[in-house]
Every structure is written in C-alpha cells, then in structure tokens.
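One structure is given below, encoded as structure tokens.
Read-outs throughout are calculated quantities, based only on the coordinates presented, and are distinct from any laboratory measurement. Small disclaimer: the values here were computed from a predicted structure and weren't measured. Cβ sites come from the backbone with ideal geometry, for glycine too, and all protein chains shown count toward neighbours.
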C-alpha cells in the first residue's frame, strides 16, 4: 500500500507512512526466521546416526558446522523432542588417593593402550586392542581378534609406528600381555618407557578408559556380530567418524584431528616420525 501511494502521489516514504498511519519501523520490519523446523531435522538426524550423543555432543557438532542458533534455543527444542539420554547415577566409591593425569604438549609423545572383550552371537569371545594418543585422544589403531598375545601386540604397534613413529611413553595396566618378557624386551629395544598404572586403579589410565566406554556404547553394545571381519569393518568406519567429526569436551568441542591441526605450528610436518628428536621428547604439561 505504501509503495502504491509513493508511486501514484509522488511522495516520499515519510509522507506515505503518515498517510497510512504506520511508522517507518513497521515498514522496514522483516520477520525473523526462527529455524525451529531446521533445528528439529538436524537433531533428529544426529540422534539416529549417533544414538549415544547427548545435547553437548550434538550442539558441539552443530557449532563446528556453522550453527548460528543460541544454545538455549537448541536445548529447548532438544528437550521438546525428548531426545535426552538417561543419566546413570554414579556409584559411591571409597576415597582414593587423587593423582593428576597430565597431557603431552605434542603428538606422539605418550600412548595409552588397553584391551576390551565382547562375544559373537554364537557365544565365542573376541578381544580388541585399543591404541590412543594422549595428546589429542586420537585413536591410532584398533585391532580385533580372538587371540591377541604379546607378539601380536608388538607387531600391531610396529605397524602403527611405521606411519606415526614410536612414542616416548606407553601407559598401560598390569595385564599379562604387557608384563610379558616379549613386550618388555620390545619396548626396551625401541627406547619406549612403559608406565604401568597401580593395580585396581583404572582411573590412572583415564584417557583410554573413557574411549573404551564410548566404543562399547556406540559399537559393541549397538551391534550383533558373527565374524571378526564384520567387527573390524564396522569399527574402522566408526573410527573414521570418531577421529574426524566427533566433538570432545576436553578438546574444546573439537575432533582429535581438528584439535591437532589447530595446535600445530606452521611448517611442522604432520608425520612426527621424521620430526626432530627434541620435539618428540617434549616435556609433559597440564591441559
């Protein structure tokens, strides 16, 4: 109506608004796009692809992808869709001596390794060997097998080191594979210091233990397996997403690869195997 008056009566905007009895702010007003439906679609998609992700993981992922909505708005819609995960109550544990878990300042300085176990539909058990870089929580490798003796463990670590180089430290529990003569001799030959945790205190190896929980919930408990190849294929696909896309609160809601790239100095090669020895042997620091 205002545009018609301006054109037919040859008056400016102020005069046209006065004739129509409205203010210029009303004329310039544009309805904001709330984006509720778009947020619902994104949350539904993430909930189907990642069933164990809570609000923090979903919002961190959306933020990394350029989300422009306020976290309160997204959380309100998240609650309306009833996507909240049930929180398991914490078990009351006896008081323990607290220890500070330190994070390396560079990649490939310290690794954490651990075993996990599960079973096929037939009832036959299998194990997984998980290897984690303490610096950015990147999973360097995960091997599945019905038998993983010390010789298999060292060969698998050698395969990883062909790409990444050998670490300065390896943190592990007191399992028979890690206490074996074969593993100890291998670590001494490669110049690796084994950091054994105290028996019965898995919290001292918290980085790998936290990953184990995520891997069990997202892969082992979420699928029924009939063969080792099936477990390995599903695991490898999941690890690709874990290392490149999954946000980590401890890394500022960045994925392990993204965190490492953001901290990498200019001109530093990604493959630390060929980096100077002083860089690989950097001192520990608290993150």
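Hey, what angle do you get for helix 150-164 against the long axis of the chain, alpha-carbon based, 0 to 90 degrees rounded to 10? Helix 150-164 sits roughly 50 degrees off the main axis of the chain. Sorting 47-55, 104-112 by average packing, meaning the other beta carbons within 10 Å per residue, from highest down gives 104-112, 47-55.
For the peptides 251-258, 223-230, 133-140, what is the packing order when you average, over each peptide's residues, the other Cβ atoms within 10 Å and list the highest mean first?
The peptides rank, most packed first, as 133-140, 251-258, 223-230.
For P(r) over Cα pairs in 10 Å bins from 0, in percent, the value calculated from this model appears in [x] 5, 22, 26, 20, 10, 5, 5, 5, 2, 0; [y] 6, 26, 31, 20, 11, 5, 1, 0; [z] 6, 27, 34, 17, 5, 4, 3, 2, 1, 0 under label [x]. Express in whole angstrom the spacing between the alpha-carbon centres of segment 114-189 and segment 1-76. So the two Cα centres are separated by 51 Å. On C-alpha positions alone, give me the angle between the axis of helix 181-190 and the longest principal axis of the chain, in degrees, nearest 10. Approximately 70 degrees, to the nearest ten.
What is the packing order of peptides 17-30, 171-184, taking the mean over residues of other C-beta atoms within 10 Å and listing the highest first?
So the peptides 17-30, 171-184, ranked by packing, come out 171-184, 17-30.
The long axis of helix 36-49 is offset from the longest Cα principal axis of the chain by roughly 20 degrees.
Using a Förster distance of 35 angstrom, determine the FRET efficiency expected from the C-beta separation of residue 124 and residue 79, and round it to 0.05. About 0.25, to the nearest 0.05. With contributions of -39500 (n - 2.57) from each DSSP H run of at least four residues, the per-residue ellipticity at 222 nm computed over the chain stands at -12500 deg cm²/dmol. The relative contact order of the chain, computed from alpha carbon pairs under 8 Å that lie at least 6 residues apart in sequence, is 20 percent.
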